[in-house]
Amino acid sequence: MTTLFVSDLHLSYRRPEKIALFKRLMTGPALKADALYILGDLFDDFWIGCDDDHPPNQEVMSILRDYSANSATQLFIMRGNRDFHLNQEFANATGCTLIEDPTAIMLDDKKVLLMHGDTLCTDDVKYQKWRRFITHPIIKWIYFIMPLSLRTKISRDVRGYAAEAVQKKAPEIIDVTETAVLDTLKNFGVETLIHGHTHRQARHEIKFNNTQATRFVLGEWFEQDCVLVHDKTTFRFERVDDYIKECKLTR
Ligand code: MN
C-alpha cells in the first residue's frame, strides 16, 4: 500500500516548471499509488469556478481528469485557503473526491487526521473570523450566482488584501498554536496529524498524556516541493523529482 500526501502546490502560470513537475508526478508514480491526498492550496490564485479560463485552471483540471481516467488510485482533495470554494462541479469535472477539513482516515489500522492547517493558527484571530465568513454556505451560494466577471474582481481584491495582511503579521501568528494541535489530537483521538498551510515542512514528535504523537507538516511547492510517502507502515518526506526518479529505478 502506498499513500501519497501533498499540499500547498500553489500552482500558477507564474511557475510553469511546477505545473510540469505536478504533471510528471500525476502521469508517473502517482498512478501506481493506492491513494493520493491533496490537502489544500492546489492553486495559488483564488479558485473561482470551473468556468474560469485563466491559466492554469483548465490545464490543472485536465491533468486531474486524465489522472482519474487512467488510474485506479483514489484521488482526494481538501480545500485550502486559496481554494475554499472548490465545489461538486469541480469534483465531477476532475473525478476527485472532495473531503472535509478535518478528515480522519485509516492507514494500516491507525487513525490519521488530515487538515489543511489554517484552522490550527488560532492566534490569528482576524483570519479565523474572515475564514468563518468566507466559508459560510450562504456566502458561498451568493458567490456562485454572481457572473464570472464579478467573481474575478472580488477574488483579485481579496488577494491583494490578504497578501498585505500576511506581510504585517509576526511569523508566530501565522504558525499553528500548540494548544490547537493538542486539542485536535485529543478531540479526534489520533496520534498522527498531517497538514500543510504554514509552509514549514517538518516532522514534529509530541508527547502528551503518556502518548507519543507525530505531526507532519507538508512543504510548499514555491521554492521547494514535497511529497509525504507512506508505505510499509512508515512515512518519509521526499522531493518530488527524487521520488519520480526513484520510482522509475525500482519499476
Ligand atoms: Mn494555505
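Once amide H atoms are built 1.01 Å from N in the peptide plane, which residues 5 or more positions from residue 107, or in another chain, come under 5 Å H to H?
112
Using the Cα centre of the range 3-249 as the reference point, and only Cβ charges (+1 on K/R, -1 on D/E), how large is the resulting charge dipole? Debye, rounded to the nearest 20. Before the final figure, lay out the partial values.
Details: 32 positive and 36 negative charges, 38 e Å.
In debye, rounded to 20, the range 3-249 gives about 180.
Give me the net charge of residue 56's neighbourhood, meaning all other residues with Cβ under 11 Å from the Cβ of residue 56; Lys, Arg count +1, Asp, Glu -1. Numbers along the way, then the final one.
On the way: positive: 14, 15, 18, 23; negative: 44, 45, 52, 53, 59.
So the surrounding residues net to -1.
Among DSSP beta bridges lying fully in the range 3-249, give the percent that are antiparallel, nearest 5.
Values: 20 of 40 bridges.
Antiparallel bridges: around 50 percent, rounded to the nearest 5.
Using only helices, what value at 222 nm comes out for the chain when you add -39,500 (n - 2.57) per DSSP H run of length 4 or more and divide by the total residues, to the nearest 500 deg cm²/dmol? Mind dumping the intermediate values first?
Details: 8 runs with 94 residues, N = 251.
One gets -11500 deg cm²/dmol as the mean residue ellipticity at 222 nm.
Hand me the trypsin sites (Lys or Arg not before Pro) from the range 30-113 located in a DSSP loop with no more than 15 other Cβ atoms within 10 Å, in residue order please.
Numbers: sites: 32, 65, 79, 82, 110, 111; in loops: 32, 79, 82.
Qualifying residues, ordered by number: 32.
Cross-link candidates for residue 232: which lysines have Cα within less than 20 Å, leaving aside residues fewer than 8 places away along the same chain?
Qualifying lysines at Cα under 20 Å: 32, 110, 111, 245, 248.
How big is the chain by the Kirkwood estimate over distinct Cα pairs, in Å?
Working: mean 1/r = 0.0533 Å⁻¹.
Radius from the Kirkwood sum: 18.8 Å.
For the range 66-84 and the range 94-129, what is the separation of their Cα centres, given in Å?
15
Mind listing the long-range amide H neighbours of residue 208? Cut-off is under 5 Å, sequence gap 5 or more, other chains count too, H placed in the peptide plane at 1.01 Å from N.
It is 213, by chain and number.
Is there a quick way to get the dipole size of the range 1-137? I mean about its Cα centre, with the Cβ of Lys and Arg at +1 and of Asp and Glu at -1; what is the value in debye to the nearest 20? Present the calculation step by step, with values, prior to reporting the outcome.
Values: 15 positive and 20 negative charges, 40 e Å.
Charge dipole of the range 1-137: 200 debye, to the nearest 20.
Return the long-range amide H neighbours of residue 98 (sequence gap of 5 or more, or a different chain), with a cut-off of under 5 Å between placed amide H atoms.
77
I'd like the GluC sites (Glu not before Pro) in the range 175-234 restricted to DSSP loop residues with at most 13 other Cβ atoms within 10 Å, sorted by number. Present the calculation step by step, with values, prior to reporting the outcome.
On the way: sites: 178, 191, 205, 220, 223; in loops: 191, 220, 223.
When the GluC sites (Glu not before Pro) of the range 175-234 are filtered for loop state and at most 13 Cβ neighbours within 10 Å, 223 remain.
Rounded to whole Å and sorted largest first, list the principal axis extents of the Cα atoms in the range 88-144.
That works out to 39, 35, 14 Å along the principal axes.
Every number in this text was worked out from the coordinates using simple rules, so none of it is lab data. None of these values were measured; they are calculated from a predicted model. With ideal geometry, Cβ positions are generated from the backbone for all residues, glycine too; neighbour counts draw on all protein chains shown.
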